[in-house]
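The next block holds one structure in the form of structure tokens; read it before the comments.
The values are calculated or read from the model by the stated rules, or taken from the named source; none is laboratory data. Predicted model, so just to flag it, every value in this text is computed and none were measured. Note: ideal-geometry Cβ built from the backbone for every residue, glycine included; neighbour counts use all protein chains shown.
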């Protein structure tokens, strides 16, 4: 599945090559030449993945990674460090800053795509095309199909994304603000009550197969998808 990627790389040749390869793979890429440019972008938009060069002018990639991990808003964004450093201690330092992965230059586009997919599967499974099965539901994001106890039925596009997020993050309570960020996108400004409207629509659709009880309201906190919920 396509991801929104922030590429922080100051070498023009490498930046252009990565933008080309990532774009051809279906990803949307925004490039920044330094940490300041990256921070400006992050003020308004949260990407799905950050590809972060170790050696940057001014603030280094390691320093930027530490800063992002220290802030609630950017703490959970997957980060892959790009570096020419091959020493084991450098790799350890990069990972200790909170980076999810570390890839040494030069690397092949195929290897980078595999690393991105692996990081998304671990940190943001709702952005992958893997089939998800839970609580009698089977959801295929690649074909946009959904089955309840083996019977196919339809969902609207927003309800489908909402259910996909719930199914890949079961048993966790999500506030309306968190659902807006994860399902609608951080750069989309809509009222939090919009979530309630789509939850009602999702439950109404799930009533057709008797799975509406899987979406629980947690009073004062938000919503939870629970495969163990009692009918």
Kindly indicate whether any position in the stretch 183-197 is in contact with a helix residue (DSSP H, G or I) (Cβ under 7 Å, 6 or more places away or on another chain), under 19 Å from residue 222 (Cβ atoms) and surrounded by 14 or more Cβ atoms within 10 Å (Cβ to Cβ). yes
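Please enumerate the residues belonging to the stretch 21-35 that are under 21 Å from residue 128 (Cβ atoms) and either free of Cβ contacts under 8 Å to residues at least 24 places away in the same chain or within 19 Å of the chain's Cα centre (by Cα) (or both).
If the condition is that a residue be under 21 Å from residue 128 (Cβ atoms) and either free of Cβ contacts under 8 Å to residues at least 24 places away in the same chain or within 19 Å of the chain's Cα centre (by Cα) (or both), then 22, 23, 24, 25, 26, 27, 28, 29, 30 are the ones that fit.
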Can you find even one residue in the stretch 57-71 that is in contact with a strand residue (DSSP E or B) (Cβ under 7 Å, 6 or more places away or on another chain) and touching a residue at least 60 places away in the same chain (Cβ under 8 Å)? no
Tally of residues being under 14 Å from residue 99 (Cβ atoms) and not in a loop (DSSP other than H, G, I, E, B) across the stretch 39-73: 14
Could you please give the count of residues in the stretch 166-182 that are part of a helix (DSSP H, G or I) and buried (at least 19 other Cβ atoms within 10 Å of the Cβ)? 6
Does residue 38 satisfy being surrounded by 15 or more Cβ atoms within 10 Å (Cβ to Cβ), within 19 Å of the chain's Cα centre (by Cα) and either farther than 20 Å from residue 128 by Cα or modelled with pLDDT of 85 or more (or both)? yes
Taking the stated definitions as given, is residue 88 surrounded by fewer than 15 Cβ atoms within 10 Å (Cβ to Cβ), modelled with pLDDT of 90 or more and more than 17 Å from the chain's Cα centre (by Cα)? no
If you go through the stretch 152-164, how many residues are in contact with a helix residue (DSSP H, G or I) (Cβ under 6 Å, 6 or more places away or on another chain) and not in a helix (DSSP H, G or I)? 2
If you check 82, 18, 46, 95, which single one turns out to be closer than 18 Å to residue 120 by Cβ, over 17 Å from the mean Cα position of the chain (by Cα) and either modelled with pLDDT under 85 or not assigned by TED's automatic domain parsing to the domain that holds residue 122 (or both)? 95
Out of 212, 140, report the one residue that is surrounded by 14 or more Cβ atoms within 10 Å (Cβ to Cβ), within 26 Å of residue 22 (Cβ to Cβ) and modelled with pLDDT of 90 or more. 140
